Each structure stands twice: as C-alpha cells, then as structure tokens.
C-alpha cells in the first residue's frame with residue numbers, strides 16, 4: 001500500500017490524524033508493507049502579517065491569541081476548542097497543548113525533514129517529524145528556531161556542519177514549495193490529507209471506521 005500525505009508540524013489535527021492512521025495500519029498488520037510519501041504543507045507562509053491580517057510577527061504571540069482574533073472568538077470559546085483538541089489527542093495517546101504554543105512558521109522544519117530523508121532515509125525522517133510534532137504541540141517549544149532544529153538534527157546523528165549549512169541556506173525550500181503547489185493543484189486545503197494508492201482520499205481527522213473502510217477499499 002502507498003499513502004501520500006500532506007501535513008504541517010504546527011497542525012494539531014495532523015499530529016492526531018497521522019498517529020491514528022499509523023495505529024490502525026499496525027493493528028491491521030498493514031503498517032510494515034505500507035510506503036509513506038510525506039508532503040509539506042505550510043498553514044502560514046512568508047510574513048505572517050502579509051498572508052494573514054489577524055497575525056502579528058512570529059513568536060510575538062501565542063496560538064491562543066491568534067486563534068481568538070482570526071476566528072473572532074471569546075477567550076472561553078477558544079479555550080473550548082483547545083480542550084477539544086486535547087481530548088482528541090488523548091484518544092491517540094497524545095498530550096496536545098495547542099493554545100499555549102507560540103505562533104510560528106514551519107518552512108525550516110519541513111526543510112530539515114526533507115534533508116534528513118535524503119541523508120538518512122525515511123525512518124530517521126519519521127523520527128524527526130515525530131519529534132517536531134511532540135516538541136511543538138506537547139512541549140510548546142519553538143520549532144522555527146534554527147538552533148532548536150539543529151539540535152534535533154544532531155540528536156538524530158545528522159552531520160553538524162551540514163546542518164549548519166542547511167539552516168543558513170534555502171536548501172530544500174524549492175521542494176517544500178513544490179509540495180504546496182501540488183496540493184493547490186489537487187484542491188487540497190484541509191490537512192492532514194491522505195491519498196491511498198493514488199485514488200482514495202482521507203481528509204482531516206477521520207474516524208477509525210472511515211479509515212478502515214478506505215484502507216479496505218484501497219486493498
């Protein structure tokens with residue numbers, strides 16, 4: 001089975017959705033024979049104030065503040081949404097605290113994962129991707145910080161000099177951009193978005209029943 005998916009490390013629903021589909025694949029004995037093709041999707045690109053009028057500069061505010069302004073919600077209404085995200089995460093064993101995480105851009109994080117896959121293969125890239133989700137959404141660490149990203153790469157035994165070069169360049173930036181353009185071409189605007197065997201789509205955080213039904217149809 002081949003699964004292509006688009007996601008962003010700043011997206012709690014991506015963390016939940018990817019964890020869920022992988023859990024189901026393991027439970028059904030399909031995980032080891034499944035090939036995953038990861039695609040980058042940036043929820044926010046470029047200068048935040050230019051692409052999202054309700055955003056301020058990177059790291060100047062938390063997701064909670066931005067969320068309230070963007071969706072015109074009261075603090076209590078936004079808090080209810082964050083509690084719902086937390087509850088959904090717990091269903092997959094994830095401890096998600098989205099509201100208290102800093103507002104960030106993720107292009108460098110996506111570039112790091114692509115670099116890791118080229119240098120060390122998909123298993124190391126998967127481990128780094130998992131770390132990025134966990135550090136940002138569970139520990140609220142700023143994964144747009146190049147020093148943090150370098151430490152994550154070094155912990156995965158990536159070459160320090162090459163990591164420094166990566167972080168001080170736009171290497172893999174074109175690949176990240178092309179993933180986004182591909183999503184636009186396919187009309188993908190909601191993530192996570194999975195395409196199974198090139199034909200069957202799973203969008204957002206689908207129920208386990210829908211995931212199983214889709215995987216069965218793909219087989």
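The values are calculated or read from the model by the stated rules, or taken from the named source; none is laboratory data. Just so you know, these numbers come straight off a predicted model, no measurement behind them. As a convention, Cβ positions derive from the backbone with ideal geometry for all residues, glycine included, and neighbour counts pool all protein chains shown.
Say we look at the stretch 189-219 and pick out the residues that are surrounded by fewer than 20 Cβ atoms within 10 Å (Cβ to Cβ) and within 18 Å of the chain's Cα centre (by Cα); which of these is modelled with the lowest pLDDT?
189
Go through 87, 117, 107, 130 for me and flag whichever is within 26 Å of residue 66 (Cα to Cα) and in contact (Cβ under 8 Å) with a residue 24 or more places away in the chain.
On the way: 87 fails: in contact (Cβ under 8 Å) with a residue 24 or more places away in the chain; 117 fails: within 26 Å of residue 66 (Cα to Cα); 130 fails: in contact (Cβ under 8 Å) with a residue 24 or more places away in the chain.
Of 87, 117, 107, 130, the one residue that is within 26 Å of residue 66 (Cα to Cα) and in contact (Cβ under 8 Å) with a residue 24 or more places away in the chain is 107.
Mind checking whether some residue in the stretch 129-136 is surrounded by fewer than 16 Cβ atoms within 10 Å (Cβ to Cβ), assigned to a helix (DSSP H, G or I) and over 16 Å from the mean Cα position of the chain (by Cα)?
Here is the first cut: in the stretch 129-136, the ones surrounded by fewer than 16 Cβ atoms within 10 Å (Cβ to Cβ) are 130.
Okay, now just the ones that are also assigned to a helix (DSSP H, G or I), so 130.
Those left that are additionally over 16 Å from the mean Cα position of the chain (by Cα): none.
Checking the stretch 129-136: not a single residue is surrounded by fewer than 16 Cβ atoms within 10 Å (Cβ to Cβ), assigned to a helix (DSSP H, G or I) and over 16 Å from the mean Cα position of the chain (by Cα).
Restricting the stretch 80-104 to residues that are touching a strand residue (DSSP E or B) at 6+ places or on another chain (Cβ under 8 Å) and either farther than 20 Å from residue 61 by Cβ or part of a loop (DSSP other than H, G, I, E, B) (or both), which is modelled with the lowest pLDDT?
In the first step, residues of the stretch 80-104 are kept if they are touching a strand residue (DSSP E or B) at 6+ places or on another chain (Cβ under 8 Å); the result is 99-103.
Right, trim to either farther than 20 Å from residue 61 by Cβ or part of a loop (DSSP other than H, G, I, E, B) (or both) and you get 99-101, 103.
Details: 99: 96, 100: 96, 101: 96, 103: 91.
In this case the residue turns out to be 103.
Give the residue, chosen from 57, 22, 45, 39, that is modelled with pLDDT of 95 or more and either over 23 Å from residue 189 (Cα atoms) or not in a helix (DSSP H, G or I) (or both). Before the answer, list the steps.
On the way: 57 fails: modelled with pLDDT of 95 or more; 22 fails: either over 23 Å from residue 189 (Cα atoms) or not in a helix (DSSP H, G or I) (or both); 45 fails: modelled with pLDDT of 95 or more.
After applying the criteria, what remains is 39.
Could you please find all residues in the stretch 141-181 being part of a helix (DSSP H, G or I) and in contact with a strand residue (DSSP E or B) (Cβ under 7 Å, 6 or more places away or on another chain)? Quick ask: steps written out before the conclusion?
To start, the set of residues in the stretch 141-181 that are part of a helix (DSSP H, G or I) comprises 146-155, 160-167, 173-181.
Of everything in the stretch 141-181, those that are part of a helix (DSSP H, G or I) and in contact with a strand residue (DSSP E or B) (Cβ under 7 Å, 6 or more places away or on another chain) turn out to be 176, 179, 180.
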